[in-house]
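For reference, the structure discussed in these notes is given below.
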């Protein structure tokens, strides 16, 4: 489920009739100070991070003077939650609280219906006070019944006027959640101020992934559940997935540094959920820290696997590349092997890689990796479904130990010099281009025609596409295989260039 920050959630609440504290999000200390001055009086500064217990990690601070606001903001904006940086703080007026309540909307999967959870006390520790909460069932269209709301509110000992306000807040909660198709919406606490107003002092919202496309106003970049805002690499990977629906590509960063007792960061590349989980357990049990979770399954194109490998290897300080997923994947594994082989050669891989490609055509896949390994500075070993994740993880550990602490430095791909020659032949493919050294065409023609499966032929002494441009453009995987086979045969005059928007700039250069 896609998440929203507190300040985003409060904007939704305000649009649905809730009173919220005056305030604004800030991404710099200067912005935080400016907001505090506008508000006047004492303010609270809170990190905007997808975590609970912010006060316990120093993520909440109170300030009466601008220099105190600056100190809080500078400290908080230098914090990390998990291994990911805090990008914003919320600066808002301090509220004089008389009483706290807990109010939450959720989808009850068992009942297949919405439910509102209410308690006459909120704040930290609500999870331990579950026995004091009330579950108010909701109709999917109309929300909770008046009688159920009144019964919950009447247990709080409020005056009639305040009880009416609280009941209205419960009704508004359902409307707010429904307006954005929220999977959950929690206000903890909903506070009764000393001047008799109900104010949403905190807010956490998750949006149903399938609803994100219907709500562009929310500005959700990636319709997936993360424990941190999307990183630049996650944004790049998501764009790749959206531009190529042949198979699945999922990428999430998990760590940016390995703890002292770890053998190092590992780039992880799985295929299939269950098998990937087993493989992740195996590499963790071998003493390593996983830098990312990646899955390319569902019969992905070779081009998609290539791009996934390039994105994994855009992470610095990896000690190795570990690929292992389901041992019974119903997909042609040689396509994945070609994608990996191309990425490894282009990036001049100098850290060990262990790849388990169990399933259809696994023998051909292992052979491709074995042949490519001979052209690389570090070993690349391929394994089959009969090789268990624990076995290949142990082998991976041996190779990393032999490398004696070598760590990966992200780099731009190697590109043949002839690509820059104005006389080179260029043919468009899906999100990329085929380049052929026209001057060498007589010498490489036979090999290119063979390895491309007849997709590229000779016409009047020059290379040309054998198919109409639209049909040819969708043969990028076959042309990637031709690229690898030509490379393995020592042929330098054929190159497939595949775009990965913004990746070059992120690493530190462009072609």
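The values are calculated or read from the model by the stated rules, or taken from the named source; none is laboratory data. The shown structure was predicted, so the numbers you read here are calculated from the model rather than taken from an experiment. Note: ideal-geometry Cβ built from the backbone for every residue, glycine included; neighbour counts use all protein chains shown.
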Conditions first: (1) touching a strand residue (DSSP E or B) at 6+ places or on another chain (Cβ under 8 Å); (2) over 30 Å from residue 231 (Cα atoms). Residue 497 passes all but one, so which condition is the exception? (2)
Members of the range 135-149 that are under 39 Å from the mean Cα position of the chain (by Cα), loosely packed, with under 13 Cβ neighbours inside 10 Å and closer than 11 Å to residue 171 by Cβ: 142
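With 394, 378 as the choices, which residue is in a helix (DSSP H, G or I) and assigned by TED's automatic domain parsing to the domain that holds residue 304? Working first, answer last.
Working: 378 fails: in a helix (DSSP H, G or I).
Answer to the selection: 394.
Considering only the range 201-213, how many residues are in contact (Cβ under 8 Å) with a residue 60 or more places away in the chain and either assigned to a helix (DSSP H, G or I) or over 17 Å from residue 106 (Cα atoms) (or both)? Spell out the reasoning first.
To start, the set of residues in the range 201-213 that are in contact (Cβ under 8 Å) with a residue 60 or more places away in the chain comprises 201-209, 212.
Next cut, either assigned to a helix (DSSP H, G or I) or over 17 Å from residue 106 (Cα atoms) (or both) only: 201, 209, 212.
Residues in the range 201-213 being in contact (Cβ under 8 Å) with a residue 60 or more places away in the chain and either assigned to a helix (DSSP H, G or I) or over 17 Å from residue 106 (Cα atoms) (or both): 3 in total.
Can you list the strands (runs of 3 or more DSSP E) found entirely within the range 445-511 that contain at least 2 residues being modelled with pLDDT of 95 or more and crowded, with 22+ Cβ neighbours inside 10 Å? Can you show your working first?
Values: elements: 456-459, 462-465, 494-498.
Per the criteria, 494-498.
Just give me the residues in the range 116-134 being buried (at least 18 other Cβ atoms within 10 Å of the Cβ) and at pLDDT 85 or above, in sequence order. Don't jump to the end; show me each part of the working.
Of all residues in the range 116-134, those buried (at least 18 other Cβ atoms within 10 Å of the Cβ) come to 116-120, 122, 126.
Selection gives 116, 117, 118, 119, 120.
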With 241, 221, 225 as the choices, which residue is in a helix (DSSP H, G or I) and modelled with pLDDT under 95? 241
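Buried (at least 17 other Cβ atoms within 10 Å of the Cβ), in contact (Cβ under 8 Å) with a residue 60 or more places away in the chain and either outside any loop (DSSP other than H, G, I, E, B) or out of contact with any strand residue (DSSP E or B) (no Cβ under 8 Å at 6 or more places or on another chain) (or both): is that true of residue 252 in this structure?
On the way: buried (at least 17 other Cβ atoms within 10 Å of the Cβ): yes; in contact (Cβ under 8 Å) with a residue 60 or more places away in the chain: no; either outside any loop (DSSP other than H, G, I, E, B) or out of contact with any strand residue (DSSP E or B) (no Cβ under 8 Å at 6 or more places or on another chain) (or both): yes.
When the stated conditions are applied, residue 252 does not pass them.
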Restricting the range 73-92 to residues that are crowded, with 18+ Cβ neighbours inside 10 Å and modelled with pLDDT of 95 or more, the residue that is nearest to the chain's Cα centre (by Cα): 88
